[in-house]
Amino acid sequence: MQLSNAQVINGQQTVRTIFEQSSKPKATVLVKVMQVPQDNYSNFVSRVVQATNWQNAIKHSDLIANDERQIHIQKEFRKLRYQYIRKRQSKSEARREAGRTTKQVKRDELAQAVAACELDPREIRSGVEHLFEMHYKTLFSHSDPYFYLVRWWLRRAATIRARGDSDRGYAKWLVMSAMWGHLAPTLSTRANRQAFVSECQLESGRLWDALCKSLDKMYIVTHQFYVATNKKRQEGERLDISRFYRDVKDLLTTFAPYWRSSANKQKRQFTKQLRIIGRELDNALAG
């Protein structure tokens, strides 16, 4: 039998065991060979995974791991020296596959990053599997790797600025959504997206510093917004910060007027940092 473009499905544990026992001279493994149809490849693989994996719980995100979009993102990221981890795997396996890539981008993180810029913040608080089940086609509809990477870097910066502060952790998705509203016009061209990613990669420099400072300002205002909004509720109806960001709908819509209001004392400094980001992008493109 001759096979071309062979791929292992649901054999991760077996392959790992074979690798660990590779010094032994003789071994036999029972395999099942399936001919993959030329059309409807992704649906076929998902059905095979679902039908044959009875040892582990199958998540919706696992079923799309071999989707053509996921494979395309992985290939495009690899060209840019990013490792896109589209399947569940151990840290050692990921390190072996990484090669000379500079950054690891996990599938769940990427879904969250895009969702924070495209959906209501409450959707992200509903869980990663919710994003894959309900919004997969919306989140992974683009072919340009920089579409995803600018959002991933924004998520990384927002995560770093929230580290060690649980209140900021709850507000992170609203902060990202609001921040993206200000960044999106600047990053509307591929050249600007590429320059933004390039400047962020060192996690230092004027653009990165301005991005972090602008996120800090946004975190301050979102907390003030939470306090002010909660005060308007009857005492028995007030929400703790976790439930506020989990349960309240259309947060970005209600936050926008507060951001524009005189209560926002951070707007001037925020605008200053936003201008620095734009200027640094212009310098990067000119230089």
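The values are calculated or read from the model by the stated rules, or taken from the named source; none is laboratory data. Being a predicted model, the structure only gives us computed values, none of them experimental. Virtual Cβ from ideal backbone geometry, glycine too; neighbours counted across all protein chains shown. All accessible areas refer to the heavy atoms of the entire protein, side chains included, with ligands and DNA or RNA removed. Shrake-Rupley method; radii C 1.70, N 1.55, O 1.52, S 1.80 Å.
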Apart from one, (1) open to solvent by 20 Å² or more (accessible area, probe 1.4 Å); (2) under 18 Å from the mean Cα position of the chain (by Cα); (3) more than 30 Å from D67 (Cα to Cα) all hold for Q234; the odd one out is (2)
In region 180-195, the residues that are farther than 17 Å from R161 by Cβ and open to solvent by less than 20 Å² (accessible area, probe 1.4 Å): L187, A195
Residue ranges of helices (runs of 4 or more DSSP H) in region 201-272 with at least 2 members acidic (D, E): 206-231
Out of curiosity, is V227 more than 30 Å from Y82 (Cα to Cα), open to solvent by 10 Å² or more (accessible area, probe 1.4 Å), β-branched (V, I, T) and at pLDDT below 95? no
Considering A111, A195, A115, which residue is aliphatic (A, V, I, L, M), closer than 18 Å to I277 by Cβ and part of a helix (DSSP H, G or I)? A195
If you go through region 177-198 one residue at a time, how many are over 18 Å from the mean Cα position of the chain (by Cα) and in contact (Cβ under 8 Å) with a residue 24 or more places away in the chain? 6
Please go through region 199-232 and give me each residue that is over 20 Å from R161 (Cα atoms) and touching a residue at least 24 places away in the same chain (Cβ under 8 Å), ordered by number. A228, T229
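Residue-by-condition table, conditions (1) under 19 Å from L80 (Cβ atoms); (2) over 12 Å from the mean Cα position of the chain (by Cα):
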residue	(1), (2)
V114	yes, no
C117	no, no
H142	yes, yes
L149	yes, no
Can you name every residue in region 255-277 that is within 19 Å of S204 (Cα to Cα) and crowded, with 16+ Cβ neighbours inside 10 Å? F270, Q273, L274, I276, I277
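Do you know which residues across region 240-254 are polar (S, T, N, Q) and open to solvent by 60 Å² or more (accessible area, probe 1.4 Å)? Show your work before the answer.
Quick first cut of region 240-254, residues polar (S, T, N, Q) only: 242, 253-254.
Hits for region 240-254 are T253, T254.
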Of the conditions (1) of a type outside the set (G, A, S); (2) farther than 27 Å from D247 by Cα; (3) modelled with pLDDT under 95; (4) not in a loop (DSSP other than H, G, I, E, B), V150 clears all except one; give me its number. (3)
Could you check how many residues of region 153-176 are surrounded by 17 or more Cβ atoms within 10 Å (Cβ to Cβ) and not in a helix (DSSP H, G or I)? 0
Counting only residues that are among the charged types (D, E, K, R) and modelled with pLDDT of 95 or more, how many does region 109-122 have? 2
Evaluate region 194-206: report whether one residue or more is more than 14 Å from L281 (Cβ to Cβ) and among the charged types (D, E, K, R). yes
